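Student: Please read through the structure below; I'll follow up with questions.
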Amino acid sequence: MKPAGFRFACPIRVRYSEVDGQGIVYNSRYLEYVDVALTEYFRALGFQYQEMVEQHGFDPSLVKATLEFKRPARFDEVLLVHARVVAIGRASFSMDYEIVREEGGEQVASAQIIYANFDKTTQGSRPVPDAIRRRIEAFEGTVFPSPT
């Protein structure tokens, strides 16, 4: 079952190295799953990651993460990481993630992540490029308020 409002999902099979002594996915691995989904989300929008960075000046850097665990995931299960952009500011954007079991759709975890568009030269943030903003808006079927 697909969570409401999500247009994108990325499958991830839990590997043996990702489970702890209790046989469940170790908590930090969920941030790795979210990171994979971020890359695949932008690939679905038609961007290769290096192309986004080098040609478009768009290099998302995680600045805040909130994770909520609902149920344990175990070795060899296939999870679907649903992702969507929920806000775009001047130099940052926010995404929601819902992680569910592929079989049955039971929610495993959710995440809310804020990213800044990182500028490697200045080591600070820089505006989200208009081309990226427009592609996200077209994919998500919404127009985000213009930053002031």
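Student: From ARG74, ARG134, ARG101, ARG126, which residue is more than 30 Å from VAL14 (Cβ to Cβ) and in contact with a strand residue (DSSP E or B) (Cβ under 7 Å, 6 or more places away or on another chain)?
Tutor: ARG126
Student: GLY124: at positive phi, out of contact with any helix residue (DSSP H, G or I) (no Cβ under 7 Å at 6 or more places or on another chain) and either exposed (fewer than 12 other Cβ atoms within 10 Å of the Cβ) or in contact (Cβ under 8 Å) with a residue 12 or more places away in the chain (or both), yes or no?
Tutor: Judged against the criteria, GLY124 is not a match.
Student: I'd like to check something: does region 83-96 contain any residue that is out of contact with any Phe, Trp or Tyr (no Cβ under 9 Å at 6 or more places or on another chain), in contact (Cβ under 8 Å) with a residue 12 or more places away in the chain and buried (at least 18 other Cβ atoms within 10 Å of the Cβ)?
Tutor: No, every residue in region 83-96 fails to be out of contact with any Phe, Trp or Tyr (no Cβ under 9 Å at 6 or more places or on another chain), in contact (Cβ under 8 Å) with a residue 12 or more places away in the chain and buried (at least 18 other Cβ atoms within 10 Å of the Cβ).
Student: Of the conditions (1) more than 19 Å from ILE113 (Cα to Cα); (2) touching a residue at least 12 places away in the same chain (Cβ under 8 Å); (3) not acidic (Asp, Glu), SER17 fails just one. Which one is it?
Tutor: (2)
Student: Moving on. Could you count how many residues in region 52-86 are basic (Lys, Arg) and either within 30 Å of GLN123 (Cα to Cα) or within 12 Å of the chain's Cα centre (by Cα) (or both)?
Tutor: 2
Student: State all residues of region 105-121 that are outside any strand (DSSP E or B) and either of a type in the set (S, T, N, Q) or without any contact (Cβ under 8 Å) to a residue 24 or more places away in the chain (or both); if no residue qualifies, say none.
Tutor: THR121
Bear in mind these aren't lab numbers, they're just calculated from the coordinates by the rules spelled out. All of these numbers come straight from a predicted model, not from anything done at the bench. Cβ coordinates were reconstructed from backbone atoms using ideal geometry, including for glycine residues, and neighbour counts include every protein chain displayed.
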